[in-house]
Structure formats: C-alpha cells, structure tokens
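To keep things clear, I will list the structure first and then write my remarks on it.
The values are calculated or read from the model by the stated rules, or taken from the named source; none is laboratory data. Please read these numbers as outputs of a predicted model, since none were measured by experiment. Cβ sites come from the backbone with ideal geometry, for glycine too, and all protein chains shown count toward neighbours. Protein only, heavy atoms only, side chains kept; ligands, DNA and RNA dropped before computing areas. Shrake-Rupley method; radii C 1.70, N 1.55, O 1.52, S 1.80 Å.
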Amino acid sequence: MSKKKKPVDPMRGGKRPMPRGWPGMGGGYSTYLQAPAEWRGTTVQVCGMWPFAAGTGSPMVGVPIGRNILSGATMCCDPISWFMRAKLISNPSVFVLGKPGLGKSTIIRRMALGLAGYGVMPLVLGDLKPDYKDLIEALGGQVIQLGRGRGHLNVLDPGESRKAALRLTGSARQAIQADAHGRRSTMVSALISIMRSAPPTDREETIIDEALKVLDERHDGTPVLRDLLRVVQEAPDRVRDVALDRGSMERYRQITEGLEASLIGLVGGGRLGEIFSEQTDHPMAMDRPVVFDVSNIDDSETSLQAAVLLACWSYGFGAVAVSQALADAGLEPRRHYFVILDELWRVLRAGRGLVDRVDALTRLNRQRGVGMAMISHTMSDLLALEHPEDRMKAKGFVERSGMVICGGLPRAEMENLTAVVPLSGEEQNMLIGWQDPPAWDPATGEEAAPPGRGNFLVKVGGRPGIPVHVALTSVEREINDTNKLWKTGADGRPLKVEIGDDGTEEVVEEYTFDDPAMLPPPDPSTRLAPPPDPATRIVAKAGVEE
C-alpha cells in the first residue's frame with residue numbers, strides 16, 4: 001500500500017523555499033538580498049577556497065588606473081602595454097573623449113606616470129592649460145616654454161637630424177635627411193595654411209620644396225624663415241624653373257607674390273607673431289620626459305595656438321624619428337615614447353588642409369615605437385569641420401585608435417559616437433549619466449563633485465566596455481590640481497594649497513602681490529642693462545651727494 005502524499009501548500013510554492021524565502025503572508029520572503037562580502041587575492045592565496053573563487057574580468061597588464069566600477073577589481077590599462085605585452089590591441093594609441101572637467105587629462109597623466117616607471121618617455125607636445133607641466137617637472141623632465149616673448153621654435157631647424165646624419169651612413173643617412181626635409185616643407189605649408197585659412201597651391205608647395213633645397217646648399221648653419229623668404233625673393237634659376245615663369249621675371253613675381261606675402265607675415269610679427277622667425281631657444285632632449293608649455297598663449301588667439309601646437313607635434317615626431325634611426329644603427333639605446341596630443345580640435349579647425357597634416361603625423365606611430373594619446377571633447381568637435389573630406393579623415397582618428405576611452409557625454413553625442421564605437425544601450429546610459437551637473441550641498445551651500453568625475457568607459461573594438469573609476473593618490477592630487485589660479489584668500493591674495501590623503505585642502509603659504517614667484521619670466525628683449533658700479537660712477541655736478 002503506497003504512502004499517501006500530502007498536498008502542497010500553494011502559498012508556499014512547493015516543499016522547498018524560493019531563493020529569497022517562502023512567498024506569501026508570514027512566509028519570510030525577503031525583497032532585498034544583501035550581496036556577500038568579497039575579497040581579492042592571487043590564485044596561490046585563494047586556491048584552497050574552490051569553488052568559491054572567481055576570476056576578474058578586468059585586464060591586469062599595464063598601468064593601474066583605477067577600480068572596475070562593477071566588480072571593484074583593479075583595472076590596468078595603457079596603449080603600449082596592451083599592444084606589446086597583452087596583445088589586446090593592434091595599434092598603440094588611445095583616443096579620449098569627454099566633457100570638460102571630468103578628468104580626461106587626469107587619466108592620461110596616470111598612464112604617463114605609470115609608463116615612465118616602465119621606462120617609456122612621456123612627450124607632451126603642447127600643454128595649453130597647463131595640465132602636464134607639474135608632472136613632467138616631478139619626473140625630472142624638460143619644460144620648454146613657447147609664447148609671445150617667452151620662446152621661439154624654428155620650423156626650419158632640423159633638430160638632431162643634422163648631427164644624426166653625420167653619425168649614419170648609406171641609406172640610413174639619406175632616409176633621415178629626407179625625413180627632416182619633408183617635415184620642414186610640410187611645416188612651412190601648414191603655417192601658410194593657418195595664415196590664409198586655406199592650403200597653399202600645388203605650385204607654391206613645389207616652390208617651397210625647391211627653395212629649401214637651394215637654401216640648404218647655400219646657407220651655413222641653421223636657416224630661419226627669413227632666409228627662406230630671401231631665397232624666394234632672389235629667384236634662383238632652379239626655383240624659377242619649378243615656378244614655370246617661362247623666362248619672364250615679371251611672371252615669376254606674379255606667381256610668387258602670394259607666397260612672398262605669407263612668408264613676410266610669418267617673419268614680420270603678423271597674426272602668428274615672431275615665435276617661428278628666430279632660432280630655437282631650447283632644443284628638445286631625447287633621453288628624458290619633455291613638455292612644451294604653451295599656456296601663455298591666450299585662448300582668443302586660436303590661429304596662434306593651432307600653429308604652435310602643430311609646430312610642437314612636428315618637432316616632437318621629428319626627434320622621435322631621429323632617436324629610432326640611431327637605435328636601428330646601434331648608436332643609441334632603444335627608447336619608447338608616449339606622445340600626448342591634447343586639444344586636438346583646436347588644430348583641426350584652424351584651416352583647411354590641416355587634417356591632412358595631422359593625419360600624416362599620426363599614421364606611423366606603430367612603426368616608430370611610439371604610443372600616442374589624442375584628446376578631444378566630443379565627436380562633434382571632429383565632425384564640425386567645413387569640408388566633408390576633412391570630417392571623414394578626422395573621424396578616422398577615432399576609428400584607427402587601438403582603444404577609445406569615454407567620459408561623460410551628452411545624449412546628443414551618442415549618434416555620432418556609436419557610428420564609430422559600438423555601444424550598448426546600457427553603456428550609452430552610463431555615459432549620459434556621468435555628464436550630469438554636480439548637486440548642491442544644502443548644508444554648506446557648496447557644490448559637490450560631479451557624479452561622473454573620474455569615471456571612464458574603456459572600449460576596444462566591439463568588446464563590452466570596462467567601466468573604471470580613477471582615484472588619485474595624495475601626490476597626484478598636488479601635481480594634478482588644474483585650479484591653482486582659483487585658490488585665493490578673503491583679500492584676494494593667492495594661496496599655496498596642499499591636498500591631504502582624504503582630499504581636504506590646507507593653506508601652507510600665502511603669496512604677496514609683489515612676490516617674484518607669482519610674476520612671469522622677464523622678456524629677454526626688454527631686459528634692462530645692469531646698473532653701473534658705484535665705484536666708477538661719475539658725479540656730474542659739484543656738491544651733489546652720492
């Protein structure tokens with residue numbers, strides 16, 4: 001006789017409780033189940049806890065930049081390590097997008113600091129704010145100041161190419177000389193493009209190329225733009241031949257009139273000042289970190305900013321090419337560089353044809369042992385160019401990047417971004433939420449930190465993005481403070497503030513308005529001669545006391 005089964009209580013859903021308890025009134029069903037505690041450890045440490053251990057989904061190769069927002073695991077990321085060691089990307093480059101004030105420069109500074117520990121040289125080719133000057137100084141690097149009355153950068157200076165060519169032989173020497181010549185010709189054409197807001201004609205570029213060759217043969221030492229202008233004005237036969245003047249000097253003057261006017265503007269202190277008209281004040285070092293500090297150029301001088309940035313990029317990539325050529329010949333140790341191109345949109349908008357110049361600079365980073373970081377605000381900055389072909393090339397900067405790191409972005413940006421970087425609906429909502437404005441603290445009346453500050457989504461191809469939060473150490477907070485000019489006392493006097501481990505600020509020093517440390521460096525052209533020695537001073541009138 002079979003045992004009779006008891007009926008199942010429908011309110012209890014069966015003999016066993018549900019995952020959160022018995023449903024129904026008085027059953028003890030819990031609507032919230034607290035997550036168990038998690039600990040992190042190596043496979044050696046937690047191997048005895050199987051099956052209660054789970055591997056992290058964040059890569060552990062590269063510079064530690066923060067914690068995974070979802071799992072809390074450490075996230076390591078930089079374009080050079082992911083290209084060389086982890087083999088996760090095929091191009092050692094990163095493109096960073098995000099609204100201002102959310103930490104785009106901060107995450108790149110973290111990568112630069114970590115890569116410096118691996119022996120990779122950070123090169124900041126144009127610091128506009130400045131965001132990287134303190135970091136490079138802390139690393140013992142070189143700070144090169146450029147601006148009106150603060151420094152010069154000769155675009156015709158081959159840099160270390162001339163010395164390197166003397167150390168090389170055969171095809172290696174020819175290659176380094178041809179590279180230096182091409183960079184100088186390209187840079188002169190780029191400056192003319194910024195002056196005119198339009199590129200020079202094909203004939204003018206041919207004239208510039210031939211005039212540079214004639215100049216190298218005639219000139220002893222390092223020429224400047226004024227010497228190039230003189231060659232064009234003197235009209236040597238080789239330059240007249242490529243100008244196709246048909247044997248008429250009058251026709252030659254007509255052909256070169258526009259080019260001559262543009263060169264006069266570059267050497268005569270026009271819109272672009274005299275920054276490019278004199279010899280380079282401080283040659284770039286190849287064996288330590290370098291930053292070009294161009295923060296003294298006002299934001300209203302957009303053309304000058306774009307010209308200086310482009311000149312710094314060309315000069316920096318030229319130095320890298322020389323370093324790699326000497327390493328290939330066994331004359332110098334192999335050095336790897338992490339090149340940072342900030343405020344990319346400023347150069348692209350300066351004139352037509354500049355996208356091609358930047359495109360030529362950025363295509364060969366993998367072959368030259370260079371990792372690169374390009375920073376802009378939104379995709380709209382790249383797609384706001386006037387001509388469709390320039391917009392497509394600028395869009396290619398993001399498409400060719402090995403990884404794309406996105407901070408907080410507005411909803412209107414999602415259509416342009418997803419056309420280049422595949423994003424799920426959840427990832428888009430995450431980026432939109434990070435760009436929300438900060439809230440007010442009703443108790444103190446002060447503004448809280450923005451919700452998306454320090455939060456980034458790392459995307460590689462079509463893989464799911466990795467959300468990460470970048471938390472700064474106390475040392476990084478001091479060198480990453482981009483709001484130093486806002487630190488003032490009640491009477492308006494500037495203050496020196498140190499940031500503690502908990503993020504609090506403490507005033508450690510108060511400057512006076514006549515403090516020499518708060519004044520800009522003197523202009524060498526206006527520096528006064530030292531006063532005469534009192535022992536040799538002559539009293540011009542009798543009876544006058546000294």
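At a Förster distance of 35 Å, what's the computed FRET efficiency of Lys213 paired with Asp328, Cβ-Cβ distance as r, to 0.05? Don't skip to the end; give the middle numbers.
Values: r = 26 Å, r/R0 = 0.73.
Efficiency for this residue pair is about 0.85.
I'd like the Karplus ³J(HN,Hα) series for segment 186-202: coefficients 6.51, -1.76, 1.60, θ = phi - 60°, whole numbers in Hz, and an x wherever there's a Gly or Pro.
For segment 186-202, the Karplus-derived couplings read 5, 5, 4, 5, 5, 5, 5, 4, 5, 4, 8, 6, 7, x, x, 6, 4 Hz, x marking Gly and Pro.
What are the ³J(HN,Hα) values, in whole Hz, obtained from phi via the Karplus relation 6.51 cos²θ - 1.76 cosθ + 1.60 with θ = phi - 60°, for each residue of segment 318-331 in sequence order, with x given for Gly and Pro?
Using θ = phi - 60°, the values come out as x, 5, 5, 4, 5, 4, 6, 5, 5, 5, 4, 7, x, 8 Hz.
If you roll a 1.4 Å probe over segment 84-194 with all protein chains in place, what percent of the accessible area is carbon or sulfur? Please list the in-between numbers first.
Numbers: 2100 of 4040 Å².
Carbon and sulfur atoms account for 52 percent of the accessible area of segment 84-194.
Can you list which of the chymotrypsin sites (Phe, Trp or Tyr not before Pro) found in segment 55-153 are DSSP loop residues with at most 15 other C-beta atoms within 10 Å?
On the way: sites: Trp82, Phe83, Phe95, Tyr118, Tyr132; in loops: Tyr118, Tyr132.
Hits after loop and neighbour filter: Tyr118.
Kirkwood Rh over Cα pairs of segment 132-202 into Stokes-Einstein at 4 °C, 1.567 mPa s: D in µm²/s?
Values: Rh = 15.0 Å.
The diffusion coefficient I find is 86 µm²/s.
What does the net charge come to around Met75 if you take all other residues with beta carbon closer than 15 Å to its beta carbon, with K and R at +1 and D and E at -1?
It works out to a net charge of +4.
Kindly write out, for segment 429-437 in residue order, the coupling ³J(HN,Hα) from the Karplus curve 6.51 cos²θ - 1.76 cosθ + 1.60 (θ = phi - 60°), rounded to whole Hz, with x marking Gly and Pro.
Per residue, the Karplus-derived 3J(HN,Hα) values read 5, 5, 5, 5, x, 6, 8, 5, x Hz.
So how far apart, in nm, are the two label points at Arg246 and Asp220 if each is 7 Å from Cα heading toward Cβ?
Computed distance between label sites Arg246 and Asp220 equals 4.2 nm.
What is the distance, in nm, between label points placed 7 Å from the Cα along the Cα-to-Cβ direction at Arg173 and at Arg20?
About 8.0 nm, to one decimal.
Could you work out the local net charge near Val291, counting Lys and Arg as +1, Asp and Glu as -1, over the other residues with Cβ closer than 13 Å to its Cβ? Intermediate values should be presented prior to the final figure.
Working: positive: Arg109, Lys129, Lys133, Arg288; negative: Asp127, Asp131, Asp134, Glu137, Asp293, Asp342.
Neighbour charge sum, excluding Val291 itself: -2.
How would segment 156-282 be classified by its alpha-carbon gyration tensor: rounded, prolate or oblate, with rounded meaning a/c under 1.5 and the a/b versus b/c comparison settling the rest? Walk me through the numbers before you get to the answer.
On the way: a/c = 1.95, a/b = 1.32, b/c = 1.47.
Judged from the Cα gyration tensor, segment 156-282 comes out oblate (a/c at least 1.5, b/c at or above a/b).
Order the peptides 330-336, 199-205, 377-383 from the highest to the lowest mean number of other Cβ atoms within 10 Å of their residues.
Working: 330-336: 13.9, 199-205: 16.0, 377-383: 19.4.
Ranked from most to least packed, the peptides come out as 377-383, 199-205, 330-336.
In the structure displayed, which of Lys213/Lys393; Lys87/Lys393; Lys104/Lys459; Lys87/Lys395 lie more than 19 Å apart, Cα to Cα? Mind dumping the intermediate values first?
Details: Lys213/Lys393 31 Å; Lys87/Lys393 26 Å; Lys104/Lys459 15 Å; Lys87/Lys395 25 Å.
Lys213/Lys393; Lys87/Lys393; Lys87/Lys395, as the Cα separations exceed 19 Å there.
Can you give the local net charge around Leu153? Use residues other than it whose beta-carbon is closer than 10 angstrom to its beta-carbon, Lys and Arg +1, Asp and Glu -1.
Taking every other residue near Leu153 into account, the sum is -3.
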